[in-house]
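Report on the structure given below.
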Amino acid sequence: MAYLRLSQIPPTEEALVEARHMLGLDRSFPVQYFTWLGKALRLDFGRSYVTGKPVLDEILYYLPATLLLTGVSLLLTLVVSVPLGVLAALYKDRIPDQLTRAFAFFGVSIPSFWLGFLLVYLFSVRLGWLPALGRGGAAHMILPAITLSLMSISINIRFFRASVLENLHHRFVLYARARGVPERRVVGRHIFRNSLIPIVTAVGMHLGELFGGSVVVENVFAWPGVGRYAVTSIFNRDYPVLQCFLLLMTGIFVLCNLGVDVLYAWLDPRIRFGGEEQP
Amino acid sequence: MLAVESLELEILRGRPRKVVRNVSFSVPRGRVTCLVGESGCGKSLTCLAILGLLPEAVRRTGGTITIDGERVNDLSPEHLQALRGGKAAMILQNPMSCFDPICTVKSHFLESLAAHGGNPGRLSPEVMPESDLARARRSLAEVGFDSPDDILDAYPFQLSGGMLQRVMVALALLSEIRLLLADEPTTDLDVVSQARILTLLDETRRRHGMGVLLVTHDIGVVARMADFVVVMHKGEVVEQGEVATLFAAPRHAYTRALLQAHLSLYGLSFGDEAVGTVSPEPCLAAATPGPVPEEVRIR
Amino acid sequence: MTLLRTLLSGRTTRLAFVAACAVLLVALFAPLLSSWDPDDIDLSQKLQAPSREHLLGTDHLGRDVLARLLHGARASLGSVAVIVAAILLLSLSVGSVAGYAGGMVDAFLMRLCDTFLTFPTFILAMFLIGILGAGMTNVILAIVCTHWAWYARIIRGLVLSLKTREHVLAARVAGTGQFRLVMRHILPGVFPQILVLATLDIGHMMLHVSGLSFLGLGVQPPTAEWGVMINDARQYIWTQPQLLFYPGLAIFVTVMAFNLLGDGLRDALDPVGETGGWGK
């Protein structure tokens, strides 16, 4: 069947009937849906129309590359945006703030696929420093990770800056200073840790953007991940793959947010104790 | 103990304007000086200026502040830090918002202690050294907590406003302070807690012999606590003096209006014989039970 | 008008406003600005360097790059305009009904929103296009589907808070009808804030559209669209990098203009009272 598809020979009538029966397309829609749902719950997402292999296996084959890319990008995002956001807030309206904000504005406006090509052109075509495409060693990671994380970095810088600014003028900061607590601890403990709380949620929500962005970036850099596989499947109308892709990515996204909620409770005792009154 | 001389403060936001002009007063050792005035008259800013805690948008443009012979204006950041909470402590209004919600009371004590002679470098509340812990417990016991350990282990949001206000006093008492600045310490509290805090402040002052600057807009509090009164109006000191003299014969129109407004709540007026001759008895009487609904107090 | 004046008081915002207007004009008058037909294929003229005739050269099918860029503005702005309008219509109705009616209706509509919010937006959009098939209409449909729930939630929150305001209560006591109450007294309060949100989101949606087009899922070749142009040009990165450069720059500048404009609009509508003081 895969051969027929790819060779684009018009299929015969018998072949069509046989294929419909094999794929269960001759049954009514609700039956199809519940059959699919029942199997999906048992992690059986059916077989690819193209390769005939179980979809889950195919996707799990490509998944590590995507997780690696998004994981590295997430790390890069945090490592860059947290300090820059704090810096911008502490130097509000002064040069570090203005530079950082300009950078963030560039970052949210630049299309990732274009940025990817610009980087490839500069570092691979012109300078020849880094490999342009594909997956390999750490060097292959650099350009895709930068491309993917720039948008997140920019969004999170702005978010973190706002969060720090909000805490900068909190009364507990004034009180800490009034008690003679050293400035380093005032910033590091009271301002920073309180600013971190909303950031954690934002980063959790942001993972969705990273997953989405990775689809584009994988296509730019020919990165062998699920995103690239999913786009190919769209062209092949390989629906089982698409379904599995959506469910799997959403599942990971939801799981990550669950983790974020746990982290949130760990950071914020108000959640942990539900603000109950004591003696 | 504290001397403020011709202090001038300016707000920089928008067109710069002076919010505090030529304010001078002093707080002697072992006595309570009340800084009175309506909201926005600059009394809180004056109080913040004393410890160099003005918000970014406000700047001191003139005057000097001297605490125990040290000119606060000339102090380096390190010395200023040592002064805050070391020699002069501050307690603030609305205690609920003054504690970091994600830190236990213990860790607040820990950092105050670390800043003023406790064990530095130990930043985790779990390993608080016994000597520091004992200081914290002693301090909490002094402000009337029966089981200090429960308080230490609590998070701020688990305590009531009145309790947190007392915790603030306890934090202030960690060091041998000479000056206590209290910015509206009773404003957000219920009546019982108000009375309790005032009594506590009075006791601590007696015991430790420190000077107290009490910023308030509540004449009842003034009547009960003050030895000296400084009246501020629109950024200037309009009148100051001993409480008895001032209450008996207020010279400035604003002071008179302030007293009148307070008295009228109790159906009294200035013509009444009691006010003119005797010291602030009616005020005192009114302040002690203090069933004054929040919204009718002078703003 | 005072709003416009406040908006244009900042230098960057003024620049962004001019840039956004320029892109808008280009989109409207694209055919007049270039004598070339953007879809006119001439293989004998392919991959030419910039010249007097073709100011930015030609692409791999001999089409005039400048003409394609100018016409590309139409696809980008047009699709985003439709998307924003559809999202506003959908979310305003769902959000205000949920916020105003409350109870079961509210609970049902919000759970519906939650369902949409569970998915990562771009991936859900991709999935929908995968099912519906590639093409501009489906891209618009997919992006509306994935974004309306955010708006509906925010609008619901705004309506909820407005519902209890004095002037609304007064109108209600005076016996104003439900529909009229929402239209006259609640929506006018919601609208400015949503407008700011939408302006801030225009750039983001443009990136979505061109990203999907770049993947080959959006606007179909040969239609001139910036994402498509980048995709067409990607194999010439070694030889004709300028083909990649121009359309990307066009997206970048347009998105940047709308982002700055949205930021300025937010500041103008809501001058944040940063007094720099310690709150109470």
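The values are calculated or read from the model by the stated rules, or taken from the named source; none is laboratory data. From a predicted model like this one, the values you see are computed outputs, not experimental measurements. Heads up, the Cβs are rebuilt from the backbone with ideal geometry, glycines too, and the neighbour counts pull from every protein chain shown. SASA here: full protein model, heavy atoms, side chains in, ligands and nucleic acids out. Shrake-Rupley method; radii C 1.70, N 1.55, O 1.52, S 1.80 Å.
Taken over region A:170-279, the percentage of Cα pairs per 10 Å bin, counting from 0 up to the bin with the maximum distance, is 12, 27, 24, 16, 13, 7, 1. When C and A come together, around 4100 square angstrom of accessible surface is lost from both chains combined, probe 1.4 Å. The calculated FRET efficiency for the pair C:VAL18 and C:ASP267, based on their C-beta separation and a Förster distance of 22 Å, comes to about 0.80.
At a threshold of 20 Å², the residues of region A:177-201 that become less accessible to a 1.4 Å probe in the full protein assembly than in their chain on its own are A:ARG177, A:ALA178, A:ARG179, A:GLY180, A:VAL181, A:PRO182, A:ARG185, A:ARG189, A:HIS190, A:ARG193, A:ASN194.
Each Lys and Arg adds +1 at its Cβ and each Asp and Glu adds -1 at its Cβ; summed about the Cα centre, chain B shows a dipole of about 780 debye. Across peptide C:202-209, the average count of Cβ atoms from other chains found within 10 Å of a residue's Cβ is 3. In region C:67-197, inverting the average of 1/r over every pair of distinct C-alpha atoms gives 16.2 Å as the Kirkwood radius. Restricting the calculation to Cα atoms, region B:23-147 shows an Rg/Rh of 0.99 when the hydrodynamic-style radius is the Kirkwood one. For region C:123-152, heavy-atom accessible area (probe 1.4 Å) falls by no less than 50 Å² from the chain alone to the full protein assembly at C:ILE123, C:MET126, C:PHE127, C:GLY130. Debye sum, Cα scatterers, chain B, no solvent: what log₁₀ I/I(0) at q = 0.14 1/Å? Those come out to -1.07, one per q. Between A:ALA102 and C:GLN193, the modelled labels are 3.4 nm apart [label points 7 Å from Cα along Cα→Cβ]. Selection among A:THR232, A:GLY204, A:VAL254 by position relative to the dipole of region A:172-279 gives A:GLY204 as farthest towards the positive end (Cβ unit charges, Cα centre). Residue ranking by accessible heavy-atom surface, 1.4 Å probe, largest first, among A:ILE146, A:ILE234 comes out as A:ILE146, A:ILE234. Could you state the number of Å between the C-alpha centres of region C:122-163 and region A:126-153? Measuring centre to centre over Cα atoms gives 31 Å.
Remark: mean inter-chain Cβ contacts per residue of A:223-230 equal 1, using a 10 Å Cβ-Cβ cutoff to other protein chain atoms. FRET efficiency for the pair B:ARG71 and B:ARG31, taken as 1/(1 + (r/R0)^6) with r the Cβ-Cβ distance and R0 = 22 Å, rounds to 0.50.
For C:VAL82 and A:ARG20, the FRET efficiency from 1/(1 + (r/R0)^6), where r spans their Cβ atoms and R0 equals 45 Å, is about 0.80. Interface between chains B and A: roughly 2900 Å² of accessible area buried, both sides summed (probe 1.4 Å, protein heavy atoms only). Share of carbon and sulfur in the accessible area of chain A stands at 67%, probe radius 1.4 Å. Here the dipole of chain C is about 1000 debye; that uses its Cα centre as origin and unit charges on the Cβ of Lys and Arg (positive) and Asp and Glu (negative).
Convex hull volume of the C-alpha atoms in region B:192-267, normalised per residue: 103 Å³.
Averaging Cα coordinates gives a centre for region A:30-78 and one for region C:212-253; these two points are 30 Å apart.
Site pair B:ALA57 and B:ARG15 shows an inter-label distance of 1.6 nm when each label is modelled 7 Å from Cα along Cα→Cβ.
Solvent-accessible surface, computed for protein heavy atoms with a probe of 1.4 Å, shrinks by 30 Å² or more for the following residues of region A:244-262 when the other protein chains are added to the isolated chain: A:PHE245, A:LEU246, A:THR250, A:PHE253. A Stokes-Einstein calculation at 37 °C with viscosity 0.692 mPa s, built on the Kirkwood radius of the protein assembly as shown over Cα pairs, returns a diffusion coefficient of 103 µm²/s.
Would you calculate the separation in nanometres between label points at B:THR64 and B:ASP150, each defined as 7 Å from the Cα along the Cα-to-beta-carbon direction? Reported label-point gap for B:THR64 and B:ASP150 is 5.1 nm. Relative to the current alpha-carbon distance between C:PHE179 and C:THR239, full extension at 0.36 nm per residue lengthens the span by 15.4 nm. Among A:LYS92, A:LYS53, B:LYS234, A:LYS39, the sequence by solvent-accessible area, most first, with a 1.4 Å probe is B:LYS234, A:LYS53, A:LYS39, A:LYS92.
The value given for region C:151-247 is a Kirkwood hydrodynamic radius of 16.9 Å, derived from the mean inverse Cα-Cα separation. Accessible surface calculations at 1.4 Å, restricted to protein heavy atoms, place chain B at 40 Å² per residue.
Binning the C-alpha pair distances of chain A at 10 Å intervals from 0 yields a P(r) profile of 6, 21, 25, 21, 15, 8, 3, 1, 0 %, listed from the shortest bin outward. Counting Cβ atoms of other protein chains within 10 Å of each Cβ in B:71-81 and taking the mean gives 1. Its Cα centre serving as origin, the protein assembly as shown has a Cβ charge dipole (Lys and Arg +1, Asp and Glu -1) of approximately 860 debye. Normalised by the number of residues in chain B, what is the relative contact order in percent for Cα pairs under 8 Å and 6+ residues apart? RCO, chain B: 24 percent.
Surface composition of region C:146-234: carbon and sulfur make up 62 percent of the accessible area, probe 1.4 Å. Entry comment: accessible area of chain A is 48 Å² per residue, from protein heavy atoms only and a probe of 1.4 Å.
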